[in-house]
């Protein structure tokens, strides 16, 4: 999906991917990461997810997200009764309120000042949302942002790719191993059958990734 099309989906409210609750897998599996009490979390392609506020409030972590469209960012802060300070940062606009900040712009051009800053990344089906040919660059960018003992909580989908065009795009265990296996240890935490449109043999999967030292 092109970035312009993503912004258009927010304009016409074609946002069936947005959950009106905190993702249950975040609540259930985040403890598997054994995170520090005062950590920093990065959330790529964050939209206006309620998960951002849950992480900030319940874990006490500093949360940084990135989202291309300004619409969900503005709605997030408004719906949580937060007044966001805005500042221009090269190719992005940074919105900040309390311990939540969101960069508005392209994930792939985030500033290098964010490198090695985060204890963990919460990938709430972001990798499966981008075009498959961008996956290697996505993984490289995420890896550069983690501290040396960083973790990733990865939520993904896999299914018969002939039955469903995506996004979300199918991401098999073998593909995850090829993308992350050189730099991370990978733990498969859960797998649940799903049905979405014409999708066949679909599963929602949860993984814990730990950066190797």
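The values are calculated or read from the model by the stated rules, or taken from the named source; none is laboratory data. Just so it is clear, the model here is predicted, and its values are computed rather than measured. Glycine gets a Cβ as well: all are built from the backbone with ideal geometry, and neighbour counts include every protein chain shown.
Couple of notes before you dig in:
- Taking the criterion of being in a helix (DSSP H, G or I), under 26 Å from residue 192 (Cα atoms) and either outside the structural domain of residue 213 (by TED's automatic domain parsing) or touching a helix residue (DSSP H, G or I) at 6+ places or on another chain (Cβ under 7 Å) (or both), the only residue of the stretch 137-152 that qualifies is 139.
- Residue in the stretch 153-171 that is touching a residue at least 60 places away in the same chain (Cβ under 8 Å) and in contact with a helix residue (DSSP H, G or I) (Cβ under 7 Å, 6 or more places away or on another chain) present: yes
- Note on the stretch 55-79: residues that are at pLDDT 95 or above, assigned to a loop (DSSP other than H, G, I, E, B) and touching a strand residue (DSSP E or B) at 6+ places or on another chain (Cβ under 9 Å) total 1.
- Selection status of residue 114, farther than 20 Å from residue 172 by Cα and buried (at least 19 other Cβ atoms within 10 Å of the Cβ): no
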